[in-house]
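In what follows, a structure is listed as structure tokens, so that the remarks can point back to it.
The values are calculated or read from the model by the stated rules, or taken from the named source; none is laboratory data. If you're wondering where the values come from, they're calculated on a predicted model, not measured in any experiment. Here the Cβ positions follow ideal geometry from the backbone for every residue, glycine too, while neighbour counts run over all protein chains shown. These accessible areas exclude ligands, DNA and RNA; they are computed on the full protein's heavy atoms, side chains included. Shrake-Rupley method; radii C 1.70, N 1.55, O 1.52, S 1.80 Å.
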Amino acid sequence: MGNTPQSNWVYSVCTNNPDKKEDETHIYRHPSSIGKDLSTLVTKYSSIQDFFKERFEPKFSDRPILGSRLRKGDKLDEVFTFRTNAEVRAQAEAFGSGLLNLDFCPKIQEYRDYELQVVGVMSKNTVDYLINEIACVLYGITIVPIYDTLGEEAVIFSLNETKLKTCLVHPDRVEFLFRLKEAGSLPHLENLVVLESEGPVTGLRAVKGLSVLGFGEVKAAGENRREWAKVGPDSIWAFSYTSGTTGTPKGVLISHKNVLSTTLIVDEMADQAGFQDDAVYLSYLPMPHVLERVIFINVLRLNGAVGVYSGDPRALLDDVRLLAPTLFITVPRVLMKIHDGIQKQVRSLPIIVQNFFRNAVHSKLLQLHTNGSVTSSIYDPTIFRKVRNQLGGRLKLILTGSAPIDKTVVDFLKVCLSCPIIEGYGQTEASGIEIVNQPRDSEAGHIGGPSQTLEYKLVDAPDFGYFSSDCDELGNPAPRGELWVRGPGVSPGYYNNDEKNAETFTPDGWLRSGDIAVLTSHRNALKIIDRKKNLFKLQHGEYISPEKLEASYKEASAHIEDLFVYGDGQRTCLIAVLSINEKKLEKLADEAGTSPSLDDPKLKKHILGLLDTIAKAKKFNSLEKIRNVILDTRTFQEAGIVTSSMKLKRSEAAKVYKQQISEAYAEIETAE
């Protein structure tokens with residue numbers, strides 16, 4: 001599509017499959033994949049290890065690969081210091097050999113015919129973390145990244161289900177794992193390897209049954225180098241534990257073949273952005289997120305350089321400015337922060353300068369909406385150069401995903417940063433990059449079309465009122481339904497969880513996404529409009545399981561008749577609608593020393609205090625706490641927001657309480 005005339009290209013093409021059923025659309029594909037076997041499109045590689053066979057060729061020995069801001073005393077350098085290919089190869093081989101020489105990754109065969117050697121990692125992104133990533137690829141070790149914001153129970157489950165013996169850990173999280181080990185919660189864990197520690201780790205107490213080594217000690221144990229392992233397309237590269245709507249997390253198996261399937265769409269994006277072995281990428285999104293892992297490994301494949309952020313989210317934009325990346329992968333919340341920062345700076349300027357800026361924005365927006373261009377030879381050197389330089393001045397491409405973002409924000413940033421912004425969609429179960437839009441598309445607010453190695457169809461969701469036969473307000477076809485995808489990017493399944501596998505994956509290879517999409521008339525682009533599954537994401541990009549929270553809050557409070565937890569990709573926190581009968585409301589008002597008015601601030605504050613107590617007792621993380629409440633003495637049945645079987649109709653509830661929801665978030669913003 002990159003070389004197709006702007007006026008003609010489309011995102012997806014109908015295959016007119018003869019086996020189409022009445023309750024689904026035809027199958028759609030990337031235009032270049034029509035009539036081809038999706039499983040044979042990637043021919044250059046047989047495993048991720050092949051990336052490094054090329055990358056570590058002697059002729060590239062001095063090329064920079066991994067960098068960070070070195071710490072001198074209490075301060076960080078104002079520059080990124082990079083290690084070369086030769087240095088990182090030596091360190092990765094030493095560390096991987098050390099893991100094997102110390103027998104830290106014994107083989108396990110607990111599920112199907114998978115024979116795995118696993119190592120866990122619980123840490124923010126560091127250079128040591130990324131060296132381990134490379135080491136595991138070279139030696140066929142399966143990585144189990146642990147995202148500790150899943151909650152204590154989920155961390156315990158993830159470590160125990162894999163029966164991993166060794167976990168790499170950031171110094172900040174050592175005590176956390178000590179406590180779980182002492183409580184008897186981690187019976188299989190025997191070794192901790194502390195990152196950012198070159199020598200023996202000192203100053204730690206002893207914990208029975210747990211040895212602690214520094215990262216450098218494991219490298220030293222690898223002086224006797226091992227041969228690289230033999231890995232193939234079906235070898236398991238990593239686990240990715242993802243939250244479920246209820247119950248324990250699911251361990252998604254990500255194979256080498258899954259990652260190979262992303263190379264074609266990444267190459268297409270790189271070609272359109274004009275990358276030529278010059279990609280510079282800032283790694284700051286948590287490595288347990290499959291998108292971060294896949295982008296990191298692809299940047300290295302393309303001979304790019306990866307700088308690791310300083311570890312402090314508050315200093316993220318400083319890291320961006322100092323590294324001056326050419327590629328920036330982000331989430332809507334960060335883009336909103338950049339947007340708000342630009343607007344704040346503009347408001348501080350003299351009125352005449354503000355007018356110049358707004359006129360320049362208006363002019364570039366007209367150009368963007370006409371031909372998709374984000375650059376201007378007139379305004380970029382004069383008006384927007386300083387804005388662009390705040391992010392280093394070299395950006396060629398921004399990719400955002402994980403949650404929706406207002407298209408006016410996207411367009412504003414495109415013209416201010418003079419940089420294309422791609423919106424994408426991906427599931428952990430399909431390798432993180434499934435559907436993306438194009439850099440020069442003049443219209444935002446959709447997710448584009450499928451990668452070359454995936455195909456999709458929309459399947460009716462009658463319980464939610466979505467059908468493949470739907471039309472738009474003008475009577476034009478606008479098929480809606482649950483998005484199903486299929487292809488070599490789809491995971492082999494969940495580890496040791498055949499029940500969920502049967503629910504999520506069909507026998508003929510389709511992955512049921514749980515997301516409701518519409519096929520738009522704009523170049524056959526897809527747009528996500530709802531979730532069949534009740535899991536959703538906040539602006540941070542982190543999953544929230546409302547059913548789990550609702551069940552927990554109701555279980556712990558005798559006052560609450562029913563509860564509707566609300567949040568969306570435009571918000572940073574949760575609110576809740578509480579159904580409380582009049583007698584219980586009066587009792588709560590007496591406790592608060594106020595009147596039983598639904599809008600009484602003291603009453604709402606008292607109820608929020610009760611909910612916060614429950615959240616602490618349940619060990620909810622900060623994103624799972626309710627920040628404001630809407631009170632209603634009606635039952636949800638009386639409000640008309642439950643089905644005949646008393647299941648909550650979330651989209652209907654959001655409509656019924658739309659005004660109160662807006663007011664509740666406004667109260668939060670005012671208080672902040």
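Given (1) assigned to a loop (DSSP other than H, G, I, E, B); (2) of a type outside the set (Gly, Ala, Ser); (3) open to solvent by 50 Å² or more (accessible area, probe 1.4 Å), identify the lone condition not met by Asp568.
Looking at each condition in turn, Asp568 falls short on (3).
Taking region 620-672 on its own, how many of its residues are basic (Lys, Arg), farther than 27 Å from Ala589 by Cα and open to solvent by 70 Å² or more (accessible area, probe 1.4 Å)?
The qualifying residues number 3.
Looking only at region 298-345, filter to residues that are charged (D, E, K, R) and in contact (Cβ under 8 Å) with a residue 24 or more places away in the chain; which one of those is least open to solvent (accessible area, probe 1.4 Å)?
Among those that are charged (D, E, K, R) and in contact (Cβ under 8 Å) with a residue 24 or more places away in the chain, it is Asp319.
Just checking, which of Ser442, Ser468 is open to solvent by 10 Å² or more (accessible area, probe 1.4 Å), touching a Pro at 6+ places or on another chain (Cβ under 9 Å), among the small types (Gly, Ala, Ser) and in contact (Cβ under 8 Å) with a residue 40 or more places away in the chain?
Result: Ser468 is the single residue among Ser442, Ser468 that is open to solvent by 10 Å² or more (accessible area, probe 1.4 Å), touching a Pro at 6+ places or on another chain (Cβ under 9 Å), among the small types (Gly, Ala, Ser) and in contact (Cβ under 8 Å) with a residue 40 or more places away in the chain.
Tell me, which residue of region 176-193 that is part of a strand (DSSP E or B) and out of contact with any helix residue (DSSP H, G or I) (no Cβ under 6 Å at 6 or more places or on another chain) is surrounded by the most Cβ atoms within 10 Å (Cβ to Cβ)?
Leu192
For region 518-544, how many residues are open to solvent by less than 60 Å² (accessible area, probe 1.4 Å), modelled with pLDDT of 85 or more and touching a Pro at 6+ places or on another chain (Cβ under 9 Å)?
4
Exactly one condition in (1) aromatic (Phe, Trp, Tyr); (2) part of a loop (DSSP other than H, G, I, E, B); (3) under 17 Å from the mean Cα position of the chain (by Cα) is not met by Tyr281; state its number.
(2)
Can you find a residue that is out of contact with any His (no Cβ under 9 Å at 6 or more places or on another chain) and modelled with pLDDT under 90 anywhere in region 598-610?
no
Quickly run through region 174-206 and pick out the residues that are over 28 Å from the mean Cα position of the chain (by Cα), among the aliphatic types (A, V, I, L, M) and at pLDDT 95 or above.
Listed by number, the list holds a single entry, Ala183.
Can you give me the number of residues within region 385-410 that are open to solvent by less than 20 Å² (accessible area, probe 1.4 Å), assigned to a helix (DSSP H, G or I) and touching a helix residue (DSSP H, G or I) at 6+ places or on another chain (Cβ under 6 Å)?
2
How about region 196-247: which of its residues are of a type in the set (Asp, Glu) and loosely packed, with under 13 Cβ neighbours inside 10 Å?
Glu198, Glu223, Glu227, Asp234 - these are the residues of region 196-247 that are of a type in the set (Asp, Glu) and loosely packed, with under 13 Cβ neighbours inside 10 Å.
Looking at this structure, is Gly67 small (Gly, Ala, Ser) and part of a strand (DSSP E or B)?
yes
Within region 153-175, is there a residue that is at positive phi, surrounded by fewer than 23 Cβ atoms within 10 Å (Cβ to Cβ) and either of a type in the set (Lys, Arg) or in contact with a Lys or Arg (Cβ under 8 Å, 6 or more places away or on another chain) (or both)?
yes
Of the conditions (1) part of a helix (DSSP H, G or I); (2) more than 26 Å from Val169 (Cα to Cα), Asn132 fails just one. Which one is it?
It is condition (2) that Asn132 fails.
For Asn359, are the conditions met, namely being modelled with pLDDT of 95 or more, polar (S, T, N, Q) and farther than 21 Å from Val294 by Cβ?
Judged against the criteria, Asn359 is a match.
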